[in-house]
Structure formats: structure tokens, C-alpha cells
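All remarks here apply to the structure that follows.
The values are calculated or read from the model by the stated rules, or taken from the named source; none is laboratory data. Quick caveat: nothing in here was measured; it's all calculated off a predicted structure. Note that we place each Cβ from the backbone using ideal geometry, even for glycine, and neighbour counts take in every protein chain shown. Just the protein is used for accessible areas: all its heavy atoms, side chains included, with ligands, DNA and RNA removed. Shrake-Rupley method; radii C 1.70, N 1.55, O 1.52, S 1.80 Å.
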Amino acid sequence: MGKIFAGIFFSFFALLVIHIFFLVLHIFLWITEGLVLGIFVETIYFSVLLKWMILADIIWVSFVLGFALKRKKYKTEPQHYLSYEPIKHPIAAVIIPTFNEADNVEKVVKDYKMQPNVKYVYVIDNNSSDKTPDIAEKCGAVVIRKKINKGFGDSCVIGFNEVLKTDANIVALTECDGTFNAYDITKMIPYLDNCDMVVGTRIIQVLTEKGNQNGMFHTWGNFFIGKLIQLKYFSLLHMGVTSFTDVGCGYRCIRRDGLEKMIGQIRNDYLNKIDEDGWMFNPYLNLCSVDNELKTVEIPITFNRRSGISKSGANVKSKGFKLGLRIIWLILLS
């Protein structure tokens with residue numbers, strides 16, 4: 001299915017480029033030779049390129065319509081609809097990957113430890129050169145010190161492995177840069193009565209602090225990639241089994257049994273270095289959840305200005321653009 005979806009995606013952009021070339025070429029001819037309506041109509045009418053373009057358009061639209069009709073009932077079995085399985089005694093474990101966050105880690109750890117139902121806070125330190133792990137330990141977090149910085153995704157996988165050794169039935173994943181608020185976990189957990197994973201979205205303006213790191217480029221880029229994932233799992237009946245608007249959000253809660261369904265694939269993919277620096281982990285987890293038949297929903301969360309320097313470098317537009325292309329490639333070929 002990935003190859004078919006990739007074929008539709010790339011053929012669309014190939015046709016778009018050809019159409020733009022055709023249009024620009026004729027605009028250039030109008031400017032240089034002047035617009036004579038009769039000659040223009042005759043040129044268009046007898047254009048071989050235009051005829052091939054129209055044929056290609058008809059074939060592409062026919063193929064897409066056939067694909068859409070075939071996917072009319074994709075993932076519409078009973079397990080993909082409403083269910084109610086309340087977690088009677090919620091026990092949450094929070095995973096916080098860190099790298100040189102000495103200025104933030106104390107507040108972040110303490111805030112999460114204060115939240116109801118949070119029993120464990122794990123700090124997975126990526127070989128920080130400052131006092132991040134020491135401060136986290138003093139605040140009561142369980143600290144896993146990595147000797148080698150293998151990236152954000154590797155830290156998340158280690159965190160998952162550690163949490164699954166406990167009695168926690170809810171796994172929360174967050175970040176240590178101060179952008180997320182611990183209290184939002186109380187609005188995410190209730191949704192787990194109806195689904196397997198709850199992901200935050202940071203695109204609601206009135207819930208974000210002015211001057212935060214998500215500028216226009218990041219907001220629209222995350223939205224576009226989110227809709228690309230939705231198209232990948234498209235069904236004509238309900239427009240898809242999931243809907244994402246912010247694939248870069250690192251704040252989420254997962255039911256334990258949902259994580260147990262995914263963990264085998266996650267371990268294998270990261271053992272095979274599907275994402276060497278780990279910065280694609282958040283959209284990867286969205287894809288993984290759908291592939292493993294989990295119910296995933298996205299809800300609005302609050303979002304603050306970042307404290308400190310971004311470790312991913314995504315705030316630099318060139319790096320953010322390259323990361324976006326890598327994520328698109330992952331979506332198309334997975």
C-alpha cells in the first residue's frame with residue numbers, strides 16, 4: 001500500500017510541474033510575441049503536449065477515484081469505532097528525554113510529580129555535559145544515564161522499555177524544554193477510556209504563548225504532513241481512521257496495552273536505524289499506532305515559549321525543511 005500511495009503522491013507533483021511549465025511557457029510567448037486570440041487558440045488546440053497532459057490527468061484522476069472507492073471501508077471494522085474501556089485505577093509513568101537541560105529539568109520533573117495519578121517520572125539522559133541527571137535525581141526522578149548520545153528516539157525507546165517493567169498502565173511522553181505544561185496530562189488521560197493513544201496539538205493560537213517556537217513554517221509544515229498521514233490511511237466513508245494537525249508534537253499519553261502492541265515493531269525499527277538521530281520519532285509513533293490497529297486521537301494542549309536552545313535544530317528553516325522531507329519520505333515508503 002505504501003508504494004501505491006507514494007506513486008499517487010509523486011505522480012501528482014510530476015503532473016503539477018508539467019502543468020506549471022506549460023502555463024509559464026505560454027505566458028512567456030504572450031509577452032514576447034503578443035497575444036493574438038486566434039493564433040493562441042489554434043496553438044493550444046493543436047498542442048501535442050496539452051493532449052498528453054489531458055490524457056495523463058484523466059488516467060491519474062481515474063486511478064485516484066478507483067483507489068478511493070476501493071478504500072471505501074478501509075479500517076471500518078467494529079474495533080475502529082467507539083468503545084469505552086475505563087482505566088479504573090490510573091497509574092501514570094512519565095518519560096522525559098533530556099540533553100543539557102540543567103536550567104529546566106528541576107521544574108519539569110517537579111511539575112509532573114505533582115500531577116494526580118503520576119507515580120513514576122523517568123529521565124532518560126542523553127549523555128549531558130551539564131548537571132541535568134544529578135538535578136533530576138535530587139528531584140526524585142528515576143534517571144537512566146546513557147553513555148553515548150544516540151538521539152531522541154533512542155531515549156524514548158529506552159524509556160518505554162523501563163516503564164513496561166513497572167505497574168504503570170499509562171505511559172506519558174513529554175519534553176524537558178519547558179514548552180509543555182504538566183497539568184495537560186489531566187485532560188489527556190480521560191480520553192484513554194475511549195482510545196489507545198492521545199496526542200497533543202499545538203496549533204490552537206489561544207492556547208499558545210506568544211513568541212513560541214512554532215512559527216508559520218513549522219505550523220503549516222506540521223499540518224501538511226499530518227494531512228498526508230491522514231490521506232495515507234484514507235477511507236471514503238469517514239475520511240480516514242485518524243486525523244493529525246501537528247505531527248511534531250512530543251506530548252502524548254498511551255495506554256499500557258497499546259504500547260505493548262507497538263513495542264516489538266518500535267524496537268525492531270530503531271535497532272535497524274530507521275531514524276538515526278531520532279527526530280522523526282513523534283510522526284513515526286503516529287504511523288506505528290495506526291499500523292498496529294491502535295485508536296489514536298489528537299487534542300488541543302497548551303504550549304509555551306522554549307527555554308534554552310533547540311537540540312533538534314528544527315528552528316533553523318533549512319534544517320526544519322530537511323527534517324520535513326525525511327518525514328514525508330518515511331510516510332510514503334512505510
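Quick one: grab the alpha carbon gyration tensor of segment 196-260, order the square roots of its eigenvalues as a ≥ b ≥ c, and give me rounded if a/c is under 1.5, else prolate or oblate depending on whether a/b is larger than b/c. Could you put the intermediate results ahead of the total?
Working: a/c = 2.52, a/b = 1.31, b/c = 1.92.
Oblate, because a/c is 1.5 or more while a/b does not exceed b/c.
Straight-line cross-link partners of residue 88 among the lysines, defined as a Cα under 24 Å from its Cα and at least 8 positions apart when in the same chain: 113, 119, 165, 187, 261, 295. Looking at the chain as a GNM with Cα springs under 10 Å, which of 57, 193, 275 has the largest mean-square fluctuation? Among 57, 193, 275, the largest mean-square fluctuation in the Gaussian network model of the chain belongs to 57. Considering only 242, 98, 166, the mean-square fluctuation computed in a Gaussian network model of the chain, springs between alpha carbons under 10 angstrom, is largest for 166. Only one item in (i) 22.1; (ii) 16.4; (iii) 20.7 matches mean projected area of the Cα convex hull in nm² derived from the coordinates shown, and that item is (iii).
Computed over the chain, relative contact order equals 21 percent, with contacts defined as Cα pairs under 8 Å that lie 6+ residues apart.
Using DSSP to define loop residues, name the trypsin sites (Lys or Arg not before Pro) in segment 267-334 whose beta-carbon has at most 15 other beta-carbon atoms within 10 Å. Walk me through the intermediate numbers first.
Values: sites: 267, 273, 295, 305, 306, 311, 317, 319, 322, 326; in loops: 273, 295, 305, 306, 311.
Counting only loop positions with at most 15 other Cβ atoms within 10 Å, the trypsin sites (Lys or Arg not before Pro) in segment 267-334 are 273, 305.
Excluding ligands, DNA and RNA, the accessible surface per residue across the chain is 53 Å² with a 1.4 Å probe. Residues within the reach of a label modelled at residue 237 (point 7 angstrom out along Cα to beta-carbon, backbone nitrogen below 14 Å), restricted to segment 265-301: there are none. Pairs with C-alpha atoms separated by more than 28 Å, drawn from the list 3/146; 138/273; 146/319, are 3/146; 138/273.
Its Cα gyration tensor gives segment 215-334 an equivalent ellipsoid, and the semi-axes of that ellipsoid, as √(5λ) in whole Å with the largest first, are 22, 18, 15. Among beta bridges identified by DSSP and lying wholly in the chain, the antiparallel ones come to about 25 percent. Modelled label positions at residue 210 and residue 165, each set 7 Å beyond Cα in the direction of Cβ, lie 4.8 nm from each other. Site pair residue 273 and residue 309 shows an inter-label distance of 2.6 nm when each label is modelled 7 Å from Cα along Cα→Cβ.
Helix-only estimate, please: 222 nm mean residue ellipticity of the chain, summing -39500 (n - 2.57) across DSSP H runs of length 4 or more and dividing by its residues, to the nearest 500. Before the final figure, lay out the partial values.
On the way: 11 runs with 157 residues, N = 334.
Helices in the chain give a 222 nm mean residue ellipticity of -15000 deg cm²/dmol.
When the chain is treated as a Gaussian network with alpha carbon springs shorter than 10 Å, the biggest mean-square fluctuation among 96, 309, 144 belongs to 309.
What part of the accessible area of segment 107-200, given as a whole %, is carbon or sulfur when the probe is 1.4 angstrom?
Numbers: 1960 of 3790 Å².
Within segment 107-200, the accessible surface is 52 percent carbon and sulfur.
In summary, the aspartates and glutamates within cross-link reach of residue 232, defined as a Cα separation below 13 angstrom excluding same-chain residues under 8 places away, comprise 291.
How large, in percent, is the carbon and sulfur part of the accessible surface of segment 211-334 at a probe radius of 1.4 Å?
Working: 3460 of 5660 Å².
The C+S portion of the solvent-accessible surface of segment 211-334 is 61 percent.
For a straight C-alpha distance cut-off of 20 angstrom, the aspartates and glutamates reachable from residue 107 (same-chain residues fewer than eight places away being disregarded) are 125, 130, 134, 137, 175, 177, 184, 209.
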